[in-house]
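Before any comments, here is the structure.
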Amino acid sequence: MLIKEVLEQKAKNEVITLEVNKTILAATQKMCEEKVGALLIVSERGDVVGILTERDILRFCAHRSIELGKTKTGEIMSKNPVVITADATLDQAEAIMTEQRFRHLPVVAGDKVIGLISIGDLVKAKLTETAVEVKYLRDYIITA
Ligand code: AMP
């Protein structure tokens, strides 16, 4: 299965972004409103400059919770996120996430972000793929 098929299966393929000069408190509120675990951080011109996930905020809260309303997203985001293209496979995305130990991957076409997949999207797509394989094997065994 290709990443573009994973994007097509998502109920809502919207990339949620926040500007680099917004605070961590604003980022936390946006993640709750949008029910997402990661935000792509964009410059004033709209270019993607980083990624900020629940894990970054958790780490920040453990040490500096008092500064949530003062610290900017750009100060704690991971810069220049690792990305994947829509023609990559599910296995390639899984390998990147496993090796690099993160759960979110922006999907790009050239220099444009066209989606964001999470480990949850991958697991769901894998289950679908496995169910289809099982069905074909069952049909094959029955008709053989
Ligand atoms: P996650 O497991 O996705 O919540 O992220 C764990 C850590 O990896 C956090 O510090 C994230 O900012 C960072 N991270 C997540 N996704 C990416 C990515 N695609 N490229 C670079 N860093 C990332």
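Observations on the structure shown:
- Förster radius 25 Å - calculated FRET efficiency between L127 and I16 (Cβ-Cβ, nearest 0.05): 0.55
- The gain in end-to-end length when the E75 to Q9 segment is fully stretched comes to 20.4 nm, 0.36 nm per residue minus the alpha carbon separation.
- DSSP-loop GluC sites (Glu not before Pro) across segment 42-108, with at most 11 other Cβ within 10 angstrom: E44
- Where GluC sites (Glu not before Pro) fall in DSSP loop in segment 1-37, at most 13 other Cβ within 10 Å: E14
- Within the chain, no whole DSSP H helix has Cα atoms reaching 24 Å or more along its own axis together with a mean Kyte-Doolittle score of at least 1.0.
- T98 versus E34: modelled label distance in nm, points set 7 Å from Cα along the beta carbon direction: 2.9
- Applying the Karplus relation 6.51 cos²θ - 1.76 cosθ + 1.60 with θ = phi - 60° to segment 6-23 yields 3J(HN,Hα) values of 5, 4, 5, 7, 6, 4, 9, 9, 10, 9, 8, 10, 8, 6, 5, 9, 7, 7 Hz, where x marks Gly and Pro.
- Whole-number percent relative contact order across segment 60-144, with pairs defined as alpha carbons under 8 Å at least 6 apart: 19
- Between the listed residues V123, F102, V20, the Cα displaced farthest toward the positive end of the dipole of the chain, a dipole computed from Cβ unit charges relative to the Cα centre, is found at V20.
- DSSP loop trypsin sites (Lys or Arg not before Pro) with at most 10 other Cβ within 10 Å excluded, longest remaining stretch of the chain: 46-100
- Listed pairs K10/K30; K12/K124; K10/K135; K79/K126; K35/K79 exceeding 26 Å between Cα atoms: K79/K126
- Under the criterion of Cα pairs below 8 Å and six or more residues apart, the relative contact order for the chain equals 25 percent.
- Reported to the nearest whole Å, the Cα centre-to-centre distance from segment 62-115 to segment 1-52 is 9.
- Share of carbon and sulfur in the accessible heavy-atom surface of segment 36-144 [1.4 Å probe, %]: 56
The values are calculated or read from the model by the stated rules, or taken from the named source; none is laboratory data. Just so it is clear, the structure is predicted and the values come from calculations on it, not from any experiment. With ideal geometry, Cβ positions are generated from the backbone for all residues, glycine too; neighbour counts draw on all protein chains shown. Calculation scope for accessible area: heavy atoms of the full protein, side chains included, ligands and nucleic acids excluded. Shrake-Rupley method; radii C 1.70, N 1.55, O 1.52, S 1.80 Å.
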